[in-house]
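Peer 1: This is the structure I want to talk about, given as structure tokens.
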């Protein structure tokens, strides 16, 4: 009885020992053959982050891959495979359950099928005693051979790319697991033979460093800075995903999940092959998803779309449906607008000429045209690689049967502009000729002649003026607005879109902001301006200049309203609201409910750094890259909006006075918000330049790091320089050397806080940049272009001068 009890106690220990025996540190010629049937038998690295063995093939559960995967992320149901055995055509080697992996006496690693009669895959070690092992970087090593020399769809940290791209005869560096997309020569992403993106210019990718930096080839390799750059204690991988995008992933150790920290292609629909088949159009669904739809007059057929009804091609039973922001590749190997095998480029006289030439060609199924004055006309014989994007200036005119009445969901915000008001002419009725004397007849006839002459002269003057306006409209191109240009809304349209201005989402120095929804279900923000003078022509000209300012970190303008005394601007709606709601805790100078504030996520240091860098680049664009030099004059957290992925977008730009780059600005009154105004706004004898915006950005940069309001942070001695925010930050960093004290206390107290040297160095760089921006003398502050480079770390930052106290007291 005692022996039976002892046996029962030993059974769990024996089972655990048997399971542990399935994990191997090495695999050599002395070990038994390795079969896919042994599902628990794996080769593991010393640090336990990686494992190697047989895994079911994604295409067929009855087939198996010999692969390496990440075992550190135990929370995920399917581990991430970083390498698998390859054929010469860069496809995965697959074997059945009867296949075996073995090492012979000569040191040759072989994977054989059908009772060792057929070799599926093999590699030589150049050594008779070299075992197969898995090192801590994820590389599978067998003597002189390493799996890092044969990249599949993933590059790991410190994995150098082979000089010829791969060990096979092709030039493929990475290929997606579905085989549809390739990274060729570590430079260009391709779908088949069609290229759709490159790494950067003509410079090839070299490797991924342990701290999250993508290095480029060359004697002194340049770098692509990723938002996750810093700590070397994280696992990172660069993967060509099955949707054709190249992404950098970082493993969050506490959550055990992979997070995307960088991707090459921002608009997924521009990837060739995103939608397969004929006439399919790729439409984005949020930031990470797409959908494929058929154009009007077409129906789904197989992977693509086919016409519901066919026209004769003679030009007497068809019509053209206009689809704004839609482009097709035409089978070109590079670029969307480059002539390809299914596309011909013409130079017509105008839009009507381009349409008539397509109608005269029976094989022309559609044509593309740019309403920009360059008369770009593209004739398509097949519709391949279609996509929708507001960034394209192309409108595609689809040829369908005359009877087609399908709804068109690809209408842009362009309308005809009436340049001349209609005028009704009314000639007086000739007087009745009564039975009067000759004298009365002469008087009546003379009066009639005078009235008739006046009418003729008035009509002639009208026609002359009409002709002048018409020629002016044609000369200035006002008959049509270019695709993507601002639309002119009526007051009634915006009143209906905002439900009679009932949903107030914010207010600022220039007016109130209401949330609305256009008839095409697009969410917009309508800013109702006040205090804006000038006529409709001047307002229209200024809005056109603002609408031309396109930058990733600027809020996009969709249209405007100039209806009598009403002046409104229509912007894209940014869902996450303004930055101040995420930076400042309730009771620190912000409006809002404390319970609602607690629901918002806490911004970590990397996200705050990314927000600060995006805002700096946007302001540098306004100062240095626009055709018109633009001062913002009111940079503060309330004017920095956040998208779903916390990408920053600066709002309220261009509403201040526009001036020439060669002239300095003179203002008759102070503009801006207390706490963010530069000293020269108060000291009227100094001119206002772009350095005023630099000062405001420096104050915002300190608030981003500390999570404190600059004018709400005060010590005991009010009125002295002890409560001056920049002075306090300077002393904490450069006198007391206590960087942690300036970081937002909520970040320091958070469980995920990681005080690694790289994060502290980033904070110190942000504070040092802010100190230079907050110098009281404008000529000592750097330009915004240099500020962006200082944040990027591409220029050396000297020790800053301690800022002099400056404040504006409340009235």
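The values are calculated or read from the model by the stated rules, or taken from the named source; none is laboratory data. Bear in mind that the values here come from a model prediction, so they are computed numbers and not experimental data. Ideal geometry is used to build each Cβ from the backbone, glycine not excepted, and the neighbour counts take in all protein chains shown.
Peer 1: Taking the condition at pLDDT 85 or above and crowded, with 21+ Cβ neighbours inside 10 Å, does residue 132 pass?
Peer 2: When the stated conditions are applied, residue 132 passes them.
Peer 1: Those residues that are within 24 Å of the chain's Cα centre (by Cα) and assigned to a strand (DSSP E or B), I need them from segment 501-526; list them, please. Lay out the reasoning, then the answer.
Peer 2: Step one: of segment 501-526, the residues within 24 Å of the chain's Cα centre (by Cα) are 515-518, 520-526.
Of everything in segment 501-526, those that are within 24 Å of the chain's Cα centre (by Cα) and assigned to a strand (DSSP E or B) turn out to be 515, 516, 517, 523, 524, 525, 526.
Peer 1: Only one residue in 291, 239 is part of a strand (DSSP E or B), closer than 22 Å to residue 161 by Cα and at pLDDT 90 or above. Which one? So that I can check it myself, show each step before the final result.
Peer 2: On the way: 291 fails: closer than 22 Å to residue 161 by Cα.
Exactly one of 291, 239 is part of a strand (DSSP E or B), closer than 22 Å to residue 161 by Cα and at pLDDT 90 or above, namely 239.
Peer 1: Another question about this same structure. Could you look through segment 46-91, keep only residues that are within 18 Å of residue 149 (Cβ to Cβ) and part of a loop (DSSP other than H, G, I, E, B), and pick out the one that is modelled with the highest pLDDT?
Peer 2: 85
Peer 1: Taking the condition of being crowded, with 19+ Cβ neighbours inside 10 Å and either at positive phi or not assigned by TED's automatic domain parsing to the domain that holds residue 382 (or both), how many residues in segment 306-330 meet it?
Peer 2: 2
Peer 1: Quick check, is residue 532 modelled with pLDDT under 80, part of a loop (DSSP other than H, G, I, E, B), surrounded by 15 or more Cβ atoms within 10 Å (Cβ to Cβ) and in contact with a strand residue (DSSP E or B) (Cβ under 7 Å, 6 or more places away or on another chain)? Even if it seems obvious, please write down each step before you answer.
Peer 2: Details: modelled with pLDDT under 80: yes; part of a loop (DSSP other than H, G, I, E, B): yes; surrounded by 15 or more Cβ atoms within 10 Å (Cβ to Cβ): yes; in contact with a strand residue (DSSP E or B) (Cβ under 7 Å, 6 or more places away or on another chain): yes.
So residue 532 passes the test.
Peer 1: Restricting attention to segment 162-189, report how many residues are crowded, with 22+ Cβ neighbours inside 10 Å and at pLDDT 85 or above.
Peer 2: Final tally of qualifying residues: 7.
Peer 1: One residue is enough: does segment 33-43 have a residue meeting the conditions assigned by TED's automatic domain parsing to the domain that holds residue 251 and within 26 Å of residue 250 (Cα to Cα)?
Peer 2: For segment 33-43, residues assigned by TED's automatic domain parsing to the domain that holds residue 251 and within 26 Å of residue 250 (Cα to Cα): present.
Peer 1: Failed condition for residue 252, given (1) more than 24 Å from residue 49 (Cβ to Cβ); (2) modelled with pLDDT under 90, with all others met?
Peer 2: For residue 252, the exception is condition (1).
Peer 1: Continuing with the same structure: Test residue 694 against the stated conditions and say whether it is in contact with a helix residue (DSSP H, G or I) (Cβ under 8 Å, 6 or more places away or on another chain) and at pLDDT 85 or above.
Peer 2: yes
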